[in-house]
Structure formats: C-alpha cells, structure tokens
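The block underneath contains the structure these notes are about, expressed in structure tokens.
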Amino acid sequence: MGIVDAAWLVVRLLGALVLVDLVSGLVHWAEDTFWTEDTPVLGRWIVRPNVLHHQDGAAFVSKGWWASSWDLALAGAVIVGVAWWAGALTAPVWLFAVVGANANQLHKWTHVPASRVPGPVRWLMRARVLQDARHHGAHHRGEKNTAYCVVTPWVNPVLDRMGFWRAPRR
C-alpha cells in the first residue's frame with residue numbers, strides 16, 4: 001500500500017467514525033424528541049431505559065454488554081452482511097459496524113470512574129478520539145438539547161453551534 005492509499009484509508013476510517021457518531025446522535029435525539037414511553041415496542045424497549053438514564057446518569061452502567069448492546073450488535077451484523085452481499089465490505093464498513101455495535105458501551109464508559117475504563121479506551125479518550133466523561137456531561141446539563149452524539153468529541157461541537165438538536169420536543 002502506497003502513502004496515498006494509506007492516507008485515503010485513514011480519511012475513510014475517520015469518516016466512518018464521524019458517520020457512526022452522527023448516527024448514534026440522531027438515534028439518541030429521536031428517542032428524546034419524538035418517542036415516548038407509550039410508543040409501541042420502542043417505548044418500553046428504548047425510551048423507558050433512556051428516560052431513567054436521564055434521571056440518573058449511571059442507571060444503565062450496571063447492565064452487561066449484551067443487555068445494553070444486543071440491538072446495536074444485530075444492526076451491525078446486518079450492515080456487515082449487506083455490505084458483504086453487495087461486495088462492499090471494507091475496513092470503514094467494519095469500523096462503522098463494530099463501533100456502532102459498541103456505542104452504548106462507549107456511552108457507559110463516560111459514566112464510570114476512569115479506573116473502570118479499559119486502558120486502551122482511556123488512551124483513546126485522552127487522545128480525543130473517543131468521547132470522555134467531561135464532553136458527554138454537557139448532554140446531562142440544562143435542557144438536554146445538546147451533545148447527543150456519544151462516540152467522538154468531534155461531531156457535537158459542530159452540531160451544537162448550528163443549533164441542530166433544538167427541534168420541537170414532545
């Protein structure tokens with residue numbers, strides 16, 4: 001692989017991180033903005049735990065990975081399967097699927113003491129590749145209409161400055 005190919009791969013991988021962060025934020029925002037605890041299926045499965053999480057930021061931390069990520073893992077598997085079937089299974093697709101499947105886990109790590117966060121994840125947080133607790137804390141303050149993205153610290157500042165999340169709320 002030449003230097004241009006390597007640079008292009010890095011750009012595509014960074015793009016996949018930005019995209020998965022944006023998608024995580026859009027889903028999180030939809031949960032808070034359009035769905036209620038009475039929404040069929042999604043209300044009980046997604047909205048109720050989300051409401052509890054906003055009342056107590058650490059409420060979902062005790063859940064195991066499978067309990068909080070099975071749906072995201074399923075979505076990631078579907079993405080990988082469709083990309084494979086279409087002949088488009090690339091490193092950025094893999095990264096999107098793997099990080100997306102772990103978005104809730106990354107979110108949980110912003111709610112626990114740093115000593116409980118795995119070393120490589122702490123390193124990525126310090127390197128400002130992954131979101132840390134201080135960055136995520138903005139979502140839990142005030143009107144809760146900012147900082148919906150839970151993966152990187154890159155997307156929220158742009159969208160928040162644009163007022164992107166300030167749509168009418170339920």
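The values are calculated or read from the model by the stated rules, or taken from the named source; none is laboratory data. These numbers come from a predicted model, not from an experiment. Please note that ligands, DNA and RNA were not included when accessible areas were found on the heavy atoms of the full protein model with its side chains. Shrake-Rupley method; radii C 1.70, N 1.55, O 1.52, S 1.80 Å.
Give me the extension gain from residue 12 to residue 134: residue separation times 0.36 nm, minus the current Cα-Cα distance, reported in nm with one decimal. Provide the component values of the computation, followed by the final result.
On the way: separation 122, 0.36 × 122 = 43.92 nm, distance 2.73 nm.
Value of the extension gain: 41.2 nm.
Helical runs (DSSP H, four residues minimum) scored at -39500 (n - 2.57) apiece and divided by the length of the chain put the mean residue ellipticity at 222 nm at -18000 deg cm²/dmol. Need the C-alpha centroid separation for the range 102-116 versus the range 1-41, integer Å. Between the Cα centres of the range 102-116 and the range 1-41 lies a distance of 18 Å. Working note: Cα gyration tensor of the range 92-170, eigenvalues times five, square-rooted, sorted largest first, giving semi-axes of 23, 15, 11 Å.
Given Cα pairs under 8 Å that are at least 6 residues apart, what percent is the relative contact order of the range 41-170? Intermediate values should be presented prior to the final figure.
On the way: 111 pairs, mean separation 23.8, N = 130.
Answer for the range 41-170 is 18 percent.
Solvent-accessible surface (1.4 Å probe) assigned to residue 32 amounts to roughly 10 Å².
Looking at the chain, do any whole DSSP H helices span at least 24 angstrom along their long axis by alpha carbon and average 0.5 or above on Kyte-Doolittle, and which? Mind showing how you got there, number by number?
Numbers: long enough: 3-33 (44 Å, 1.35); 65-85 (28 Å, 1.11).
The qualifying helices are 3-33, 65-85.
Using the Kirkwood radius over C-alpha pairs as Rh, can you work out the diffusion coefficient of the range 1-43 via Stokes-Einstein at 25 °C, viscosity 0.890 mPa s, in µm² per second? If you can, show how the numbers build up before the last one.
Working: Rh = 12.7 Å.
Rounded to a whole number, D works out at 194 µm²/s.
Scanning residues 5 or more positions from residue 132 or on other chains, none has an amide H under 5 Å from its amide H, with H placed 1.01 Å from N in the peptide plane.
Which values, in whole Å and largest first, are the semi-axes of the equivalent ellipsoid of the chain obtained as the square root of 5 times each eigenvalue of the Cα gyration tensor? Mind showing how you got there, number by number?
Numbers: eigenvalues 141, 74, 58 Å².
Ellipsoid semi-axes (Å, largest first): 27, 19, 17.
Were the residues from residue 112 through residue 1 laid out at 0.36 nm apart, the gain over their Cα-Cα distance would be 36.0 nm.
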